[in-house]
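Some notes on the structure that comes next.
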Amino acid sequence: MTMAYPLAEIAKADNDKDKFLAVYPMLRDEMLEHMKENEMPDAAIEWCKTMMDYTVPGGKLNRGVTVVAVHRTLTKANEDRDLTDLEVAKAAVLGWAIEFLQAFFLVADDVMDASKTRRGQPCWYKLPHVKNIAINDSFLLESYVFTMIKKHFGKEEFYLQLLELFLQVIQQTEFGQLLDLTSQDEDAEEIDLTKFTLERYQKIVKYKTAFYTFYLPVAIGMITSRVTSDDAYDLAKDICCQMGEYFQIQDDYLDCYGDPSVIGKVGTDIQDNKCSWLVVQALDRVSDEQRKILEDNYGQWDDEKVKKVKELYAELDIEKIFKDYEEQSYKNIQEALDKVTLMPRDVFELLLKKIYKRSK
């Protein structure tokens, strides 16, 4: 069966993001057709069309576009040529599989965190006609990932390896979400700051963010480029986890100090009682008196209390601590890249360029 990839649109586009975007309507419509084949009525199909358009393509798309970039980098290194439009299209399908996965995580995460905005618009569950239906919608988004992988790669010799990678990363991300959600007992009358340790934070970040944001797009490109060395995958995982930690710490910093009009959401880590890098760093430096300020004000939906936490962060100069960390982390990642011999260093450089000193 020949796939109707939008090759003309891909050929016309002059950058990877536009080439990538050209593939989304095809995949969305394939999922709707799949629902039709499963006897879903028109109203259900229309619901899912609206839901996908609202939740999937509106982000920065870095994870998905990275799959195309990694595949190109490895093809250039191994065969000294650029990707064909068909190869771009197939890599984009796997990139969109990650973006559908991202949408699944975010739709569910917003419900769990009672978030208000996402990507500059109300969270999907906040729409009056959606509410808790969003939970099932998140399951549907996850299921589409496996439908599209089977449809486009079911006959490839690496199909099972792809499936196992996605299943593993989904589970790892859910482990990280569990650690994040259980950092505090929601019914406790007082918050327990003893759980906010650097060790727990690093584990949350590794499992909740690093695997699916950094390792997954790199590993997909490696699989489709027929990389077979276990050592190469271990190396990629190690470097991607370092980048994932750096990325999430940036995210925590931007949650507190970023401009909502730029980052597309209102930061609520303080109110949500999150095990954020900022509070972990603060706890490592506070006096007994300052710790009391955190105990009395952290994790509460009260503007005055949030202000007191932010004032304490200013007192402890958390912004400078972050900027120092950022420079040191970048240096450490560069040192790790200097030792890369098993695969092209460019694979990791393209990821680092996207995140270093970002503002959103």
Inset, instruction - Can you give me the number of residues within the range 262-305 that are under 22 Å from C123 (Cα atoms), open to solvent by less than 30 Å² (accessible area, probe 1.4 Å) and part of a helix (DSSP H, G or I)? - result: 0
Inset, instruction - Could you list all residues from the range 107-131 that are surrounded by fewer than 22 Cβ atoms within 10 Å (Cβ to Cβ), within 19 Å of the chain's Cα centre (by Cα) and of a type in the set (A, V, I, L, M, F, W, C)? - result: A108, V111, M112, A114
Inset, instruction - Name every residue in the range 18-53 that is aromatic (F, W, Y) and open to solvent by 50 Å² or more (accessible area, probe 1.4 Å), in order of residue number. - result: W47
Inset, instruction - Could you check the range 1-42 for helices (runs of 4 or more DSSP H) lying wholly inside it with 1 or more residues that are closer than 24 Å to L140 by Cβ and in contact (Cβ under 8 Å) with a residue 12 or more places away in the chain? - result: 16-21, 24-37
Inset, instruction - Tell me, yes or no, whether the range 61-70 has at least one residue that is in contact with a Phe, Trp or Tyr (Cβ under 6 Å, 6 or more places away or on another chain), of a type in the set (S, T, Y) and either part of a helix (DSSP H, G or I) or open to solvent by 30 Å² or more (accessible area, probe 1.4 Å) (or both). - result: no
Inset, instruction - Confirm whether K150 is of a type in the set (D, E, K, R), part of a helix (DSSP H, G or I), open to solvent by 30 Å² or more (accessible area, probe 1.4 Å) and under 23 Å from L27 (Cα atoms). - result: yes
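Restricting to the range 307-342, and then to whatever is without any contact (Cβ under 8 Å) to a residue 24 or more places away in the chain and of a type in the set (K, R), can you tell me which residue is surrounded by the most Cβ atoms within 10 Å (Cβ to Cβ)? Let's see the steps before the verdict.
Taking the range 307-342 first, the residues without any contact (Cβ under 8 Å) to a residue 24 or more places away in the chain are 307-308, 311, 314, 317, 320, 323-324, 327-328, 331, 334-335, 338-339, 341.
Still in the running and of a type in the set (K, R): 307-308, 320, 323, 331, 339.
On the way: K307: 12, K308: 18, K320: 9, K323: 13, K331: 10, K339: 10.
Looking at the filtered set, the residue picked out is K308.
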Inset, instruction - Answer yes or no: is there a residue in the range 239-258 that is within 23 Å of G95 (Cα to Cα), acidic (D, E), touching a residue at least 40 places away in the same chain (Cβ under 8 Å) and open to solvent by 60 Å² or more (accessible area, probe 1.4 Å). - result: no
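Do the conditions hold for E164, that is, is it surrounded by fewer than 21 Cβ atoms within 10 Å (Cβ to Cβ), closer than 19 Å to A97 by Cβ and more than 18 Å from the chain's Cα centre (by Cα)? Spell out how you get there, then give the answer.
Working: surrounded by fewer than 21 Cβ atoms within 10 Å (Cβ to Cβ): yes; closer than 19 Å to A97 by Cβ: yes; more than 18 Å from the chain's Cα centre (by Cα): yes.
Spelling it out, E164 is indeed surrounded by fewer than 21 Cβ atoms within 10 Å (Cβ to Cβ), closer than 19 Å to A97 by Cβ and more than 18 Å from the chain's Cα centre (by Cα).
So, of the residues in the range 214-223 that are of a type outside the set (A, V, I, L, M) and open to solvent by less than 10 Å² (accessible area, probe 1.4 Å), which turns out to be farthest from E99 (Cα to Cα)? Break it down stepwise before answering.
In the first step, residues of the range 214-223 are kept if they are of a type outside the set (A, V, I, L, M); the result is 214-215, 217, 221.
Still in the list and also open to solvent by less than 10 Å² (accessible area, probe 1.4 Å): 214, 217, 221.
On the way: F214: 13, P217: 10, G221: 15 Å.
Checking each candidate, the answer is G221.
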Inset, instruction - For the range 191-206, enumerate the residues that are surrounded by 14 or more Cβ atoms within 10 Å (Cβ to Cβ), among the hydroxyl-bearing types (S, T, Y) and assigned to a helix (DSSP H, G or I). - result: Y201
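Any chance you could count how many residues in the range 332-346 are more than 23 Å from the chain's Cα centre (by Cα) and assigned to a helix (DSSP H, G or I)? Before the answer, list the steps.
Taking the range 332-346 first, the residues more than 23 Å from the chain's Cα centre (by Cα) are 335, 338-344.
Applying the additional criterion that residues be assigned to a helix (DSSP H, G or I) yields 335, 338.
Count: 2.
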Inset, instruction - Search the range 268-281 for residues that are among the acidic types (D, E) and pair each with any residue that is open to solvent by less than 10 Å² (accessible area, probe 1.4 Å) and not in a helix (DSSP H, G or I) when their beta-carbon atoms are under 6 Å apart and the residues are at least 6 apart or on different chains. - result: D269/S276
Legend entry - Condition broken by K206, with the remaining ones in (1) out of contact with any Cys (no Cβ under 6 Å at 6 or more places or on another chain); (2) of a type outside the set (F, W, Y); (3) closer than 22 Å to E142 by Cβ; (4) at pLDDT 90 or above satisfied: (1)
Inset, instruction - Please list, ordered by first then second residue, the pairs with beta carbon atoms under 6 Å, 6 or more apart or interchain, first in the range 163-182 and part of a helix (DSSP H, G or I), second aromatic (F, W, Y) and open to solvent by 60 Å² or more (accessible area, probe 1.4 Å). - result: Q172/Y207; F175/Y207; G176/Y207
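Taking the conditions exactly as written (under 23 Å from Y5 (Cβ atoms) and at pLDDT 95 or above), does K76 satisfy them or not? So that I can check it myself, show each step before the final result.
Details: under 23 Å from Y5 (Cβ atoms): yes; at pLDDT 95 or above: no.
Against the criterion (under 23 Å from Y5 (Cβ atoms) and at pLDDT 95 or above), K76 does not qualify.
How many residues does the range 33-68 contain that are among the aliphatic types (A, V, I, L, M) and under 14 Å from the mean Cα position of the chain (by Cα)? First the steps, then the outcome.
First, the residues of the range 33-68 that are among the aliphatic types (A, V, I, L, M): 35, 40, 43-45, 51-52, 56, 61, 65, 67-68.
Filter again for under 14 Å from the mean Cα position of the chain (by Cα), leaving 56, 61, 65, 67.
Of the residues in the range 33-68, 4 are among the aliphatic types (A, V, I, L, M) and under 14 Å from the mean Cα position of the chain (by Cα).
What number of residues within the range 224-238 are polar (S, T, N, Q) and crowded, with 18+ Cβ neighbours inside 10 Å?
Let us first name the residues in the range 224-238 that are polar (S, T, N, Q), namely 224-225, 228-229.
After this cut, where a residue has to be crowded, with 18+ Cβ neighbours inside 10 Å as well, the list is 224-225.
Looking only at that region, the number is 2.
The values are calculated or read from the model by the stated rules, or taken from the named source; none is laboratory data. A quick note: this is a predicted structure, and the numbers were derived from the prediction, not measured. Here the Cβ is made from the backbone with ideal geometry for all residues, glycine too, and neighbour counts use every protein chain on show. Accessible surface is based on the protein model in full, side chains and every heavy atom, while ligands, DNA and RNA are left aside. Shrake-Rupley method; radii C 1.70, N 1.55, O 1.52, S 1.80 Å.
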